Amino acid sequence: MAQHIQDGKYGEQRAVVFLKDQGYEILALNWRYKYNEVDIIAKDLGILVFVEVKSRHSAAFGDPASFVDIRKQGNLIRAADAYLELSGFEGEIRFDIVSVMLSPPMTIELIKDAFWSS
């Protein structure tokens, strides 16, 4: 397996532990619909949360969260729409980003309500 894929999987594992420690209830991991994927689907105080995890070894090219560009946001929104339709969920939703800096010391940052669906 390519190193960047291993790094991404490790970052997602760390993000799951972090979110659980923050009180999130994890509902699904790597949920796919057609060509779109949501890294983590969780509940936080009754709010359905779609979480994108970005992992990097350094911030030389920018903070990991900055790689969730408008195109990626659109993909996440489309996947969320499909999940909502299939699950029948009708409550409040939000999009969070978990930024994982893998280089020691590893840091994890949660950005709640990182962007909105239009």
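See the values below:
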quantity	calculated
Among the candidates Leu76, Leu27, residue that is among the aliphatic types (A, V, I, L, M), assigned to a strand (DSSP E or B) and either surrounded by 12 or more Cβ atoms within 10 Å (Cβ to Cβ) or in contact with a helix residue (DSSP H, G or I) (Cβ under 8 Å, 6 or more places away or on another chain) (or both)	Leu27
Complete set of residues in the range 87-118 that are outside any strand (DSSP E or B) and either free of Cβ contacts under 8 Å to residues at least 24 places away in the same chain or of a type in the set (S, T, N, Q) (or both)	Ser87, Gly88, Glu90, Ser103, Pro104, Pro105, Trp116, Ser117, Ser118
Every residue from the range 10-24 that is loosely packed, with under 14 Cβ neighbours inside 10 Å and either among the hydrophobic types (A, V, I, L, M, F, W, C) or at pLDDT below 90 (or both)	Val17
Residue satisfying all of: in the range 55-72; at pLDDT 75 or above and open to solvent by less than 40 Å² (accessible area, probe 1.4 Å); farthest from Phe115 (Cα to Cα) among these	Ser55
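The values are calculated or read from the model by the stated rules, or taken from the named source; none is laboratory data. Predicted model, so just to flag it, every value in this text is computed and none were measured. Glycine also receives a Cβ, built like all others from the backbone with ideal geometry; neighbour counts cover every protein chain displayed. The area values use the complete protein model at the heavy-atom level, side chains included, leaving out ligands, DNA and RNA. Shrake-Rupley method; radii C 1.70, N 1.55, O 1.52, S 1.80 Å.
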